[in-house]
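> This is the structure I have questions about; it appears just below.
Rule-based calculations on the coordinates, nothing more; no lab input. What you are looking at is a predicted structure, and each value in this text was computed from that prediction instead of being measured. Ideal geometry is used to build each Cβ from the backbone, glycine not excepted, and the neighbour counts take in all protein chains shown.
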2 protein chains.
Amino acid sequence: MTNQTALAGDIKDRLYHFLGAPEGFVPLHEPEFRGEEEALVTDCIRSGWVSSVGQYVDRFETDIAKVCGTRYGVAVVNGTAALEVSLRIMGVGPGDEVLMPSLTFIATANATSHLGAVPHFVDIEERTLGISPKALKAHLEKIGERRDGSVYNRETGRRLAAVVPMHVFGHPVDMNGLNAVAAEFGLQVIEDAAEALGSLYGDKPCGGLAPIAALSFNGNKILTTGGGGAIVTNDETLARRAKHLTTTAKQPHAWAFRHDEIGYNYRMPNLNAALGVAQLAQLDTRLAQKRQLAQAYLEAFSGHPDLQVLAEPEGARSNYWLNALVLAPHAAAARDTILETLNGAGLMARPVWEPLHTLPIYADAPRADLPVTMDLAARIINVPSSAHLVGALACPA
Amino acid sequence: MTNQTALAGDIKDRLYHFLGAPEGFVPLHEPEFRGEEEALVTDCIRSGWVSSVGQYVDRFETDIAKVCGTRYGVAVVNGTAALEVSLRIMGVGPGDEVLMPSLTFIATANATSHLGAVPHFVDIEERTLGISPKALKAHLEKIGERRDGSVYNRETGRRLAAVVPMHVFGHPVDMNGLNAVAAEFGLQVIEDAAEALGSLYGDKPCGGLAPIAALSFNGNKILTTGGGGAIVTNDETLARRAKHLTTTAKQPHAWAFRHDEIGYNYRMPNLNAALGVAQLAQLDTRLAQKRQLAQAYLEAFSGHPDLQVLAEPEGARSNYWLNALVLAPHAAAARDTILETLNGAGLMARPVWEPLHTLPIYADAPRADLPVTMDLAARIINVPSSAHLVGALACPA
């Protein structure tokens with residue numbers, strides 16, 4: 001028996017101990033429908049208003065803005081669309097570069113590419129798994145060139161238009177540090193809060209930490225609308241533009257079809273918003289459950305010599321969307337054995353995303369040195385994190 | 001009393017006569033939920049599978065392909081997304097030109113623009129409201145230049161990559177004529193069947209008249225999924241590529257995130273597909289109802305000196321998605337008076353889209369002479385077309 005196999009077995013045993021032996025396969029993250037989902041969706045169908053406008057879209061937009069502590073919310077078809085439109089509204093266009101972590105879901109980069117802009121990858125810090133303001137600043141000082149009130153990449157000649165912090169697994173990025181660097185270099189900040197609904201940075205909700213933010217309500221998120229996303233902001237002009245662009249940029253008129261920009265068909269259907277309104281009403285319960293589950297993970301592996309459970313950064317309160325085991329550097333080689341053992345034992349486990357700059361499609365994108373990214377990407381394992389798993393905690397096998 | 005006012009009043013009276021005096025406002029097109037919508041959507045929520053995969057997506061894809069007489073269907077988030085991905089899969093890329101009617105919904109042009117390609121507007125024929133193969137051929141002979149197996153626009157230097165026929169209001173384009181011209185000039189054909197689900201051209205369903213087609217299930221269409229669309233094709237390679245690109249181009253793997261193209265988050269949620277499965281089961285009923293309603297319109301205005309109701313082209317069977325009054329040229333000036341009268345009388349009426357080349361956003365796009373487009377765009381009025389209006393026919397006021 002190798003050490004790798006022993007470690008994998010130990011992890012499995014600890015999970016079995018506090019989650020109970022699984023009946024069937026335990027997914028990484030399942031949605032929970034314990035509120036008015038069926039009632040509101042049925043009401044939506046009976047109203048006839050299932051599509052692009054309706055009272056549930058309006059309610060969802062109001063409710064989601066409240067959760068993010070912003071004045072405005074615009075419901076859209078998914079998180080990728082929310083990012084794409086947010087970037088465009090903040091002035092990102094073809095030929096610009098957008099700074100972002102390499103350790104993020106593909107959507108952050110694809111939304112940029114769809115605008116004809118280019119992802120530019122920067123390093124992260126281990127504490128948050130998000131962009132390191134210090135590394136960002138050092139990189140900008142090295143490759144940035146100030147001209148006409150903007151900063152340009154002196155190696156590619158392209159404008160560095162914006163930076164997109166992504167709150168990985170719900171753990172907030174060091175936004176004070178990041179916003180300070182962005183202000184110093186004249187970068188727009190677009191907050192990718194797709195994974196961080198309900199997380200707090202200090203006492204401020206994620207989604208409200210930059211001029212504009214993108215959210216996701218895909219089926220694997222803490223709340224779901226089936227598929228969906230939102231743009232949240234305090235700025236009325238940005239909110240109006242977001243609504244306009246996501247609804248084909250049609251000018252209001254009793255009957256005429258006049259579109260004044262090349263817009264998108266990105267509105268969230270009322271049917272999906274009805275599900276979302278019911279889901280949002282349960283957010284506090286979900287957050288409490290996920291906090292309790294994370295606590296159980298933290299305790300189960302407290303003092304473990306080969307790994308630690310990722311804890312929320314100091315000064316922040318994570319929604320603990322996905323729990324993550326971070327292997328110690330000496331145990332990194334065991335990752336795939338652990339993945340195979342856990343998945344084979346009915347407990348879904350997966351590594352973090354492959355760093356985007358390692359994919360052939362983004363191999364040519366500009367990037368900083370990424371030592372922390374490459375180190376951590378090989379050592380992270382996500383483990384089952386559905387809120388309902390707290391039920392197992394009360395009744396251990 | 002002007003002639004315009006008299007004509008408007010006459011139209012209103014005829015509509016009142018056969019539709020009954022409206023209780024409240026009669027929309028242009030309302031969805032109908034008379035099947036298993038509530039049951040299937042509730043089942044979907046209870047299953048937990050509301051999002052990006054699920055049995056309703058699979059069933060919807062099978063069912064929609066059957067309706068279109070194709071081997072494969074790929075469910076997506078809306079008709080614009082279906083068009084964008086279809087164009088890309090057929091080889092349209094940045095800097096290409098895509099031939100299309102100017103008289104179409106903005107989605108046809110926007111999907112092209114989102115790919116970095118350029119719409120190129122061509123004229124239509126009065127009989128179908130769709131692209132005129134004859135006018136297309138004459139235009140290509142005038143501006144086209146053959147090179148390296150492709151045809152180029154000699155005025156812009158750009159490649160003419162594809163042509164997108166759109167079946168306006170459900171009336172099929174002359175596809176035999178169009179396909180012949182496309183073959184002669186080496187153009188790919190992408191069928192925009194967004195409005196034509198259930199229409200037949202000869203005995204072949206729309207959606208199956210070109211190598212690939214895009215459909216829409218927006219709330220105003222003959223069937224709805226809230227928001228949604230589909231790509232249909234007989235070609236397995238195209239179908240697989242469509243599924244891959246619309247699901248973030250992630251390669252199959254037990255846990256790794258490897259994306260091999262810059263894809264899209266364009267999948268239809270299972271929740272919306274559940275609604276769609278229930279809706280598709282009622283398609284034959286809807287088609288029969290809409291045919292009966294169209295017949296009532298045709299009879300009500302038979303022999304009218306100032307207008308005719310648009311009838312399906314010879315050899316085709318329209319789904320009669322939207323009924324259209326076509327004013328005689330001498331009565332064109334009455335259009336806005338008629339629109340005001342009908343809307344004021346509780347009957348929603350609207351003109352056809354403003355021809356896209358007349359919008360500032362597409363004013364600089366290349367185009368053919370568009371005499372038929374400009375003539376007809378000023379003379380068309382859409383009138384209430386919901387399937388349930390046949391109920392009023394049986395019990396006139």
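> List, in the order given, every pair from B:LYS137/B:LYS221; A:LYS221/B:LYS243; A:LYS250/B:LYS290; B:LYS137/B:LYS243; A:LYS66/A:LYS290; A:LYS204/A:LYS243 whose Cα-Cα distance in the structure shown is over 26 Å.
Table pairs above 26 Å Cα-Cα are B:LYS137/B:LYS221; A:LYS250/B:LYS290; B:LYS137/B:LYS243.
> Give the order of A:VAL122, B:VAL50 when sorted by the count of other beta carbons within 10 angstrom, beginning with the fewest.
A:VAL122, B:VAL50
> Continuing with the same structure: Placing +1 on the Cβ of each Lys and Arg and -1 on the Cβ of each Asp and Glu in the protein assembly as shown, which of B:THR247, A:HIS114, A:ALA82 has its Cα farthest towards the positive end of the resulting dipole?
A:HIS114
> Which three extents, in whole angstrom, do the alpha-carbon atoms of the range B:250-370 cover along their principal axes, largest first?
Each principal axis gives a Cα extent; for the range B:250-370 these are 68, 44, 35 Å.
> Still on this structure: Distance from the Cα centre of the range A:102-164 to that of the range A:187-237, in angstrom?
The range A:102-164 and the range A:187-237 have Cα centres separated by 20 Å.
> A further question on this structure: Calculated from DSSP H runs of 4 or more alone, at -39500 (n - 2.57) each and per residue, what is the 222 nm mean residue ellipticity of chain B, nearest 500? Walk me through the intermediate numbers first.
Numbers: 13 runs with 146 residues, N = 397.
Theoretical 222 nm ellipticity from helices: -11000 deg cm²/dmol.
> May I ask for the net charge around B:GLN251, where only other residues with Cβ less than 9 Å from the Cβ of B:GLN251 are counted and Lys, Arg are +1 while Asp, Glu are -1?
+1
> Can you give the FRET efficiency to the nearest 0.05 for B:ASP58 and B:ARG147, using r as the Cβ-Cβ distance and R₀ = 35 Å? Please list the in-between numbers first.
Working: r = 44 Å, r/R0 = 1.25.
With a Förster radius of 35 Å, E is 0.20.
> I want to verify a result. In a Gaussian network model of chain B, Cα cutoff 10 Å, which of these has the top mean-square fluctuation: B:VAL151, B:VAL98, B:VAL173?
Maximum among the listed residues: B:VAL151.
> Taking beta carbons within 10 Å but only from partner chains, what does the mean come to for residues B:41-50?
6
> When a/c is below 1.5 the answer is rounded, else prolate if a/b is larger than b/c, else oblate, so apply that to the range A:186-291 with a ≥ b ≥ c taken from the square roots of the Cα gyration tensor eigenvalues.
It comes out oblate by the Cα gyration axes.
> Additional query: Collect residues whose amide H, placed 1.01 Å from N in the peptide plane, falls under 5 Å from the amide H of A:VAL118; neighbours closer than 5 in sequence don't count.
Long-range HN contacts for A:VAL118: A:GLY95, A:ASP96, A:GLU97, A:VAL98.
> Nm distances between the label at A:GLN4 and the same-position labels in the remaining copies, 7 Å along Cα→Cβ, shortest first?
From this label point to the equivalent ones elsewhere in the assembly: 8.1 nm.
> State, as an integer percentage, the relative contact order of the range B:50-126 based on alpha-carbon contacts under 8 Å between residues 6 or more apart. Can you show the working numbers first?
Details: 75 pairs, mean separation 19.4, N = 77.
It rounds to 25 percent for the range B:50-126.
> What Rg and what Dmax come out for chain B when only alpha-carbon atoms are used, in angstroms?
My reading of the Cα-based Rg and Dmax gives 21.5, 75 Å.
> What does DSSP give for the range A:37-280 in terms of the percent of beta bridges that are antiparallel, rounded to the nearest 5?
60 percent
> Return the long-range amide H neighbours of A:SER52 (sequence gap of 5 or more, or a different chain), with a cut-off of under 5 Å between placed amide H atoms.
When sequence neighbours closer than 5 places are left aside, the close amide H contacts are A:ASN270, B:GLY219.
> Based on other C-beta atoms within 10 Å, arrange A:PHE301, B:PHE25, B:PHE121 from fewest to most.
B:PHE25, A:PHE301, B:PHE121
> One decimal, nm, shortest first: give the distances between the label point of B:GLN55 and those of the same position in the other copies, each label point 7 Å from Cα along Cα→Cβ.
Copy-to-copy label distances for B:GLN55: 3.3 nm.
> If you don't mind, there's one more thing I want to ask. With +1 on each Lys and Arg Cβ and -1 on each Asp and Glu Cβ, and nothing else charged, work out how big the dipole of the range A:324-397 is about its Cα centre, in Debye to the nearest 20.
Once rounded to the nearest 20, the dipole reads 200 debye.
> Charges at C-beta only: +1 for Lys and Arg, -1 for Asp and Glu. How large is the resulting dipole of the range B:21-65 about its Cα centre, in Debye rounded to 20?
Around 140 debye, computed over the range B:21-65.
> Of B:ALA316, B:ALA324, B:ALA39, which is the most mobile in a GNM of chain B whose springs link Cα atoms less than 10 angstrom apart?
B:ALA39
> About the Cα centre of the protein assembly as shown, what is the dipole size in debye to 20, counting +1 per Lys and Arg Cβ and -1 per Asp and Glu Cβ, all else neutral?
Charge dipole of the protein assembly as shown: 280 debye, to the nearest 20.
> For the protein assembly as shown, give me the percentage of DSSP beta bridges that are antiparallel, rounded to the nearest 5 percent.
If I count the DSSP bridges inside the protein assembly as shown, around 65 percent turn out antiparallel.
> I would also like to ask the following. Once you have the alpha carbon radius of gyration of the protein assembly as shown, what is it after dividing by 2.2 N^0.38 Å, with N set to its residue count?
1.00
> Once the label point is placed 7 Å from Cα along Cβ, list for A:PRO371 the distances to the corresponding points in the other copies, in nm, shortest first.
In ascending order, 7.4 nm.
> Which order do B:LEU275, A:LEU87, A:LEU307 fall in if you start with the one that has the fewest other Cβ atoms within 10 Å?
Details: B:LEU275 33, A:LEU87 26, A:LEU307 22.
Sorted ascending by nearby Cβ count, the order is A:LEU307, A:LEU87, B:LEU275.
> Once a ≥ b ≥ c are taken as the square roots of the eigenvalues of the Cα gyration tensor of the range A:93-213, is the result rounded (a/c under 1.5), prolate (a/b larger than b/c) or oblate (a/b not larger than b/c)?
Cα axes put the range A:93-213 in the prolate bin.
> Let me ask something additional. For a quick check, take a GNM of chain A with Cα springs below 10 Å and name the residue from A:ALA196, A:ALA82, A:ALA138 with the largest mean-square fluctuation.
Between A:ALA196, A:ALA82, A:ALA138, it is A:ALA138 that shows the largest mean-square fluctuation.
> Taking each residue in B:268-274, count the Cβ atoms of any other chain within 10 Å of its Cβ, then average. What number comes out?
Counting other chains' Cβ atoms within 10 Å and averaging over B:268-274 gives 6.
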